[in-house]
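Working notes for the structure below.
Just so it is clear, none of the values below were taken in a lab; they were calculated from the coordinates. No experiment lies behind these values; they were computed from the predicted model shown. Cβ coordinates were reconstructed from backbone atoms using ideal geometry, including for glycine residues, and neighbour counts include every protein chain displayed.
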Amino acid sequence: MTISESYPDDFVLRCILVHGGAFRAKHAFNLESPKNRYFIILNRSPDEDDELLIATTTTQEAKRRKHRFHAVIVAIDPAEYDSIDKRCVIDCDSIVRWRKTDLCAKVARREVQPLPPVPATVMARIRAAVTSARTLNPHEKNLILGSDQ
């Protein structure tokens, strides 16, 4: 039994809906088949926002670095966040946008495995990369950075 199966939905959401809140869930991008992915909540105040900006991780670091501006890529090692099992990167030009109601529905269907929040040191690097992201509009950057801009 996972934590998401043994705790009430509101408790799981309180664990996830924080800046740096993390979870695993099956998700498919474009024409890929669904697979378990790591997700990180980027919003500064996700409990207050209806739109969630969520980073996903990939182990395809070389591919991302080849095709993206280096400043938008953030590497994370298991030594700094032990909820991941191998080195991965976040591409801040490939942020997922979900309505909070969609995440709540996933939690209700027990499709989400909450993880401990991402360390503040990693979130600081992600916020720095967000400032260079070309695909985020000013409103979205404000949701992530708040008054730190």
Could you check segment 38-61 and list, in sequence order, the residues that are within 10 Å of the chain's Cα centre (by Cα) and either aliphatic (A, V, I, L, M) or not in a loop (DSSP other than H, G, I, E, B) (or both)? Tyr38, Phe39, Ile40, Ile41, Leu42, Leu52, Leu53, Ile54, Ala55, Thr56, Thr57
On the basis of being of a type in the set (A, V, I, L, M, F, W, C), in contact with a helix residue (DSSP H, G or I) (Cβ under 7 Å, 6 or more places away or on another chain), under 21 Å from Thr101 (Cα atoms) and crowded, with 16+ Cβ neighbours inside 10 Å, does Leu53 make the cut? yes
If only one of Ile76, Ile16 is under 19 Å from Ala128 (Cβ atoms) and surrounded by 18 or more Cβ atoms within 10 Å (Cβ to Cβ), which one is it? Ile76
Mind checking whether some residue in segment 97-105 is in a loop (DSSP other than H, G, I, E, B), under 26 Å from Asp47 (Cβ atoms) and either without any contact (Cβ under 8 Å) to a residue 60 or more places away in the chain or touching a Pro at 6+ places or on another chain (Cβ under 8 Å) (or both)? no
Hey, can you tell me all the residues within segment 106-143 that are assigned to a helix (DSSP H, G or I), of a type in the set (A, V, I, L, M) and over 14 Å from the mean Cα position of the chain (by Cα)? Val107, Ala108, Ala128
Is there a residue in segment 63-72 that is touching a residue at least 12 places away in the same chain (Cβ under 8 Å), charged (D, E, K, R), buried (at least 17 other Cβ atoms within 10 Å of the Cβ) and within 25 Å of Leu143 (Cβ to Cβ)? yes
